[in-house]
Structure formats: C-alpha cells, structure tokens
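Each reported figure results from applying straightforward, stated rules to the coordinates on display, with no laboratory input. Keep in mind the model is a prediction, meaning the values are calculated, not measured. So basically every Cβ, Gly included, is an ideal-geometry build from the backbone, and we count neighbours across all protein chains shown.
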Amino acid sequence: MVSAVFVDISIIILLVVGVSFIMRILRQPLIIGYILVGILVSPYFFNITTNQEGIAPFADIGIAILSPRWILIFPELRKN
C-alpha cells in the first residue's frame with residue numbers, strides 16, 4: 001500500500017514541474033512559481049494534500065532552503 005504522504009509529494013512535484021514549465025515560457029522567476037504552487041496546495045486554496053502533518057516538515061525544509069535566496073534577490077535586506 002502506498003502511503004498518503006508519498007502520493008501528496010508526487011502530486012506536489014508534478015505541480016511544481018508544470019508551473020515551472022509555465023514560468024519558463026512566461027520568462028518569470030521560478031521562485032514565483034514555487035510560491036504559487038505552495039499557495040495552490042495549501043489548505044486555504046485547493047486543499048490538495050490530505051495529510052498536512054506529513055507534509056509540514058518538507059515545507060519547513062523548503063523555507064530553510066529558500067530563505068538565503070531572498071538576500072540574493074533583494075540585496076537591500078543585508079545588514080550593513
């Protein structure tokens with residue numbers, strides 16, 4: 001039996017691939033696509049994921065990975 005967490009992650013990965021392809025066509029930054037997928041999968045929009053507790057650690061890891069990129073995008077956020 002396949003765990004619900006793996007099905008949810010598979011759906012999220014498919015959405016990320018699709019939205020990334022669309023962002024490349026529109027020549028927009030991929031970070032906007034990632035944020036858009038996060039909004040689409042959240043329980044506040046389409047509620048695609050069935051197991052919020054299983055997906056939460058991956059969301060935390062994603063935030064930790066993407067946080068340093070904000071400094072690269074907005075250099076004025078650096079402390080002088």
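Quick notes on this one:
- Among 55-66, 33-44, the order from most to least packed when residues are scored by Cβ within 10 Å on average: 33-44, 55-66
- Label-point gap, in nm, between L36 and Q52 - each point 7 angstrom along Cα→Cβ: 2.5
- FRET efficiency, S3 to I25 (Cβ-Cβ, R0 35 Å, nearest 0.05): 0.55
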